[in-house]
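Contents: one structure, followed by commentary.
The values are calculated or read from the model by the stated rules, or taken from the named source; none is laboratory data. Keep in mind it's a predicted model, so treat the numbers as computed, not measured. Please note: Cβ atoms are built from the backbone with ideal geometry, for glycine as well, and neighbour counts cover all protein chains shown.
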Amino acid sequence: MKKPIPTSHESIQDKPIYCTECGDKLEDFCFSEDAKNLEVIRKHHEVCKKVKRFKGDQCSRLFIAEPTEPIGPTDVEDQ
Ligand SMILES: [Zn+2]
Ligand SMILES: [Zn+2]
């Protein structure tokens with residue numbers, strides 16, 4: 001009798017990363033050439049907005065590619 005070989009099936013630790021805004025998978029995006037292509041990302045962003053999958057206002061892809069760009073109104077309290 002052979003010992004059962006643990007399968008990668010049980011590796012629940014590395015769960016996929018999804019964009020919090022549109023729900024797209026991000027794990028492969030980080031390694032793809034698209035991550036450096038702002039035009040591709042912006043196009044994707046527009047498509048996502050059109051299909052109304054957005055919960056926020058900026059796709060995480062845009063955020064990854066352009067982390068310096070402001071993401072909507074800032075939470076400044078006037079006192
Ligand atoms: Zn998206
Ligand atoms: Zn997104």
ask   = If the Cβ limit is 8 Å and pairs must be 6+ apart or interchain, which residue in the stretch 35-56 that is free of Cβ contacts under 8 Å to residues at least 24 places away in the same chain pairs with which residue that is within 13 Å of ligand 2 (Cβ to nearest atom) and assigned to a loop (DSSP other than H, G, I, E, B)?
value = His44/Asp24; His44/Cys59; His45/Gln58; His45/Cys59
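Can you find a residue in the stretch 12-20 that is surrounded by 15 or more Cβ atoms within 10 Å (Cβ to Cβ), modelled with pLDDT under 80 and either of a type in the set (A, V, I, L, M, F, W, C) or away from ligand 2 (no atom under 16 Å from the Cβ) (or both)? Write out each step before concluding.
Step one: of the stretch 12-20, the residues surrounded by 15 or more Cβ atoms within 10 Å (Cβ to Cβ) are 19.
Of the ones still in play, those that are also modelled with pLDDT under 80 are none.
No; the residues of the stretch 12-20 include none that is surrounded by 15 or more Cβ atoms within 10 Å (Cβ to Cβ), modelled with pLDDT under 80 and either of a type in the set (A, V, I, L, M, F, W, C) or away from ligand 2 (no atom under 16 Å from the Cβ) (or both).
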query = Looking only at the stretch 38-58, which residues are modelled with pLDDT of 85 or more and either more than 12 Å from ligand 1 (Cβ to nearest atom) or in a loop (DSSP other than H, G, I, E, B) (or both)?
reply = Leu38, Glu39
